[in-house]
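Novice: Just passing along the structure, written as structure tokens.
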Amino acid sequence: MIVARAVQVTRRYGEITALDRVNLDLHSGELVGLLGPNGAGKSTLLNLLVGLRRVTTGRVELFGGDPRDPASRRRLGMTPQETGLPPTLRVGEVVDLVSAHYPDPMPRAELLDRFGLTDLVRRQTGGLSGGQRRRLAVALAFVGRPRLVVLDEPTTGLDVTARRDLWDGIRQFHAEGGTVLLSSHYLEEIEELAQRVVVLGRGRVLADDTVDAIRGLSRVRRVNLVAPDLPDLPGVRGVERVDGVTRLLTTDSDQFVRDLVRSGVAFSDLEIRPTSLEDAFLAITSATTPTTAPPVTAETADA
Amino acid sequence: MRLALVHTRYQLLETVRIPIAVIGSTFFPTVSMLFFVVPFSGDDPVVATYATASMVTFAVMSTNIFQYGIGVAEDRAQPWDPYLRTLPAGAAPRFAGRIAAGLAMTLLSLIPVVLVAALATEARVSGPAFLAALGTVVLIAVPFTLMGLAIGYALPSKAATVVAQVIFFPLAVGGGLLFPPGDAPGFITAIAPYLPTRGAVELMWAAVGDFRVNPTSLVMLGVWIVVLAAVAGWAYRRDEGRRFS
């Protein structure tokens, strides 16, 4: 069953095209990571799916209905990038206020316990630390016993322990059959949680596949070497010099080595390593010219 | 309806937790009562009653211009409102809650003025007149609510604060709120009927005493309500268009 869907969605803000003919199907029980640099259109896509914004052209659906219709949002929980909790309200009051909007909310005590907020119930949100506030904002997405939660960079500003706790919470929700769509800057987070990754760049879906496939498909390698002066070689990106070591990315390390040797440059300490998803994704986004590149899928990648 | 009440409750809670915000809008009318009405006309029942009605009008105006003008502008700058709109309810319960809470705060802001009048002056009203005054308060809150909403939805919060502070005093003086009925300086008598404060205060005077309302003031009050509603509606839709479309 499809929980949320975007069909050929284009969204413009005046002259700027934030999303360009984006397609996305979110199936029940999936845990999907949405990846992309700032300005890629992640938040715009999420805002369209939760009914905060209107599409310019195309169509979005939430549980088969229009997300702008409140009834479609009954099984949705959302944590926006910023929540701006009312500073004078207490933690318990904020939970009660949000609970009042749902037919069958999770009891307050259970929710607070699940997110480690029990001790803070009487505290005004203005007095919480950034991390505590973020935890509350994420907890609010689960108040209404949702079937889909949309989390826009949920762990921004959390320390390592809090982040791991939150991941456990998300995994638990997913294990119980919940559907999750989360955007993140932490690639570690996507690799840790998601089964499927959608990479957005300049408003287009650049890739939509499993984490493994995305990692493999770009075949990006990180190369370190010591060389006095590197000639201009094809397929090389992100060249930087750290403590005399030249670091770069290449989409074809074999070709790079051949080119390097042929160029006759004196080099030493050549090191080629597989990359993280982050590097792969940087390579994909910078390699794309927005109008011509088709989205990469498992089929095209295998071809 | 139930949700509107929930929002009313939490809006009130948010306001009451910062009591200075409540005291602020009732401060000027209450101080005017203490410094001008009590020493100069406190022992004349008729003058004191009219003066109290003027200060009540003043308080209704300033409370609404400030609470909506600044409150709405500040809320628009916060991501909390958009978050609430991802919940399974439209914008209506929140808006209704804001208006209900605003009316409650308006009535609350009148208490000090009325207390000073009752305890320290000879101002007196009969039971029916008091009820009529109460109804009039709700009625005259309409144009100033709309004015506050227009400011709040049209301007960023810093600008809204300045505009609210700039307009409330001229509206009070220009409308003749600081003078007894029929005893304002000539230029104020000339401009007053064209300000919304005049129609409002004349309705208050008529509610508590034997005052004949000037038709021009009343018609102009109607015109103000229509114009302010149009501006507030335009500003609201423009804001919706910017943030939610």
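Novice: Looking at region A:60-81, which of its residues are more than 20 Å from the chain's Cα centre (by Cα) and either within 30 Å of A:G131 (Cα to Cα) or within 7 Å of chain B (Cβ to nearest Cβ) (or both)?
Specialist: Hits for region A:60-81 are A:P67, A:P70, A:A71, A:R73, A:R74, A:R75.
Novice: Something else: Quick one: which residue in B:A59, B:A101, B:A96 is surrounded by 22 or more Cβ atoms within 10 Å (Cβ to Cβ), closer than 30 Å to A:A71 by Cβ and modelled with pLDDT of 90 or more?
Specialist: On the way: B:A59 fails: closer than 30 Å to A:A71 by Cβ; B:A96 fails: surrounded by 22 or more Cβ atoms within 10 Å (Cβ to Cβ).
Of B:A59, B:A101, B:A96, the one residue that is surrounded by 22 or more Cβ atoms within 10 Å (Cβ to Cβ), closer than 30 Å to A:A71 by Cβ and modelled with pLDDT of 90 or more is B:A101.
Novice: If I go through region A:46-59 residue by residue, how many of them are within 20 Å of the chain's Cα centre (by Cα) and either over 26 Å from A:A139 (Cβ atoms) or facing chain B (nearest Cβ under 9 Å) (or both)?
Specialist: 5
Novice: Mind checking which residues of region B:68-96 are more than 10 Å from chain A (Cβ to nearest Cβ) and farther than 30 Å from B:F179 by Cβ?
Specialist: B:G71, B:V72, B:A73, B:E74, B:R76, B:R94, B:F95, B:A96
Novice: For B:L84, only one of the following conditions fails: (1) farther than 14 Å from B:G148 by Cα; (2) crowded, with 23+ Cβ neighbours inside 10 Å. What is its number?
Specialist: It fails just one condition, (2).
Novice: Return the residues of region A:152-203 that are among the small types (G, A, S) and buried (at least 20 other Cβ atoms within 10 Å of the Cβ); say none if nothing qualifies.
Specialist: A:G178, A:S183, A:S184, A:A194, A:G201, A:G203
Novice: Among the residues of region A:131-145, is there at least one that is assigned to a loop (DSSP other than H, G, I, E, B), farther than 21 Å from A:N47 by Cβ and under 17 Å from the mean Cα position of the chain (by Cα)?
Specialist: The answer is no, given that none of the residues of region A:131-145 is assigned to a loop (DSSP other than H, G, I, E, B), farther than 21 Å from A:N47 by Cβ and under 17 Å from the mean Cα position of the chain (by Cα).
Novice: Output the number of residues of region A:154-202 satisfying the condition of being modelled with pLDDT of 90 or more and at positive phi.
Specialist: The total comes to 1.
Novice: Given the conditions (1) at pLDDT below 90; (2) more than 9 Å from chain B (Cβ to nearest Cβ), and given that A:T125 satisfies all but one, which numbered condition is not satisfied?
Specialist: Status for A:T125: all satisfied but (1).
Novice: Filter region A:136-170 down to the residues that are charged (D, E, K, R) and touching a strand residue (DSSP E or B) at 6+ places or on another chain (Cβ under 8 Å) and list them by number.
Specialist: A:R147, A:D152, A:E153 - these are the residues of region A:136-170 that are charged (D, E, K, R) and touching a strand residue (DSSP E or B) at 6+ places or on another chain (Cβ under 8 Å).
Novice: Which residue out of A:D119, A:D168 is part of a helix (DSSP H, G or I), under 30 Å from A:L24 (Cα atoms) and away from every other protein chain (no Cβ under 13 Å)?
Specialist: Answer to the selection: A:D168.
Novice: Hand me the list of helices (runs of 4 or more DSSP H) wholly inside region B:148-222 holding 2 or more residues that are over 28 Å from B:V114 (Cα atoms) and either touching a helix residue (DSSP H, G or I) at 6+ places or on another chain (Cβ under 7 Å) or without any contact (Cβ under 8 Å) to a residue 60 or more places away in the chain (or both).
Specialist: Once the helices (runs of 4 or more DSSP H) in region B:148-222 are filtered for at least 2 residues that are over 28 Å from B:V114 (Cα atoms) and either touching a helix residue (DSSP H, G or I) at 6+ places or on another chain (Cβ under 7 Å) or without any contact (Cβ under 8 Å) to a residue 60 or more places away in the chain (or both), what remains is B:157-174, B:186-191.
Novice: Additional query: B:S41 - would you say it is buried (at least 24 other Cβ atoms within 10 Å of the Cβ) and either among the polar types (S, T, N, Q) or touching a Lys or Arg at 6+ places or on another chain (Cβ under 6 Å) (or both)?
Specialist: Considered against the rule, which asks whether it is buried (at least 24 other Cβ atoms within 10 Å of the Cβ) and either among the polar types (S, T, N, Q) or touching a Lys or Arg at 6+ places or on another chain (Cβ under 6 Å) (or both), B:S41 comes out as no.
Novice: Considering only residues that are in contact (Cβ under 8 Å) with a residue 12 or more places away in the chain and either buried (at least 20 other Cβ atoms within 10 Å of the Cβ) or within 8 Å of chain B (Cβ to nearest Cβ) (or both), which ones fall in region A:82-94? Break it down stepwise before answering.
Specialist: Kept after step one, since they are in contact (Cβ under 8 Å) with a residue 12 or more places away in the chain, are these residues of region A:82-94: A:83, A:85-92, A:94.
Once the filter is applied, which keeps residues that are in contact (Cβ under 8 Å) with a residue 12 or more places away in the chain and either buried (at least 20 other Cβ atoms within 10 Å of the Cβ) or within 8 Å of chain B (Cβ to nearest Cβ) (or both), region A:82-94 yields A:T83, A:L85, A:P86, A:T88, A:L89, A:V91, A:V94.
Novice: Go through region A:95-114 and give me each residue that's more than 7 Å from chain B (Cβ to nearest Cβ) and either in a helix (DSSP H, G or I) or buried (at least 21 other Cβ atoms within 10 Å of the Cβ) (or both).
Specialist: Selection gives A:V95, A:D96, A:S99, A:R108, A:A109, A:E110, A:L111, A:L112, A:D113, A:R114.
Novice: State all residues of region B:104-147 that are of a type in the set (G, A, S) and not in a helix (DSSP H, G or I); if no residue qualifies, say none.
Specialist: Initial filter on region B:104-147 (of a type in the set (G, A, S)): B:104, B:109, B:117-118, B:120, B:123, B:126-127, B:129, B:132-133, B:135, B:141.
Hits for region B:104-147 are B:A123, B:S126.
Novice: Give the residues of region A:15-71 that are surrounded by fewer than 20 Cβ atoms within 10 Å (Cβ to Cβ), part of a strand (DSSP E or B) and free of Cβ contacts under 8 Å to residues at least 60 places away in the same chain, sorted by residue number.
Specialist: A:I16, A:D25, A:T57, A:G58, A:R59, A:E61, A:G65
The values are calculated or read from the model by the stated rules, or taken from the named source; none is laboratory data. Bear in mind that the values here come from a model prediction, so they are computed numbers and not experimental data. Ideal geometry is used to build each Cβ from the backbone, glycine not excepted, and the neighbour counts take in all protein chains shown.
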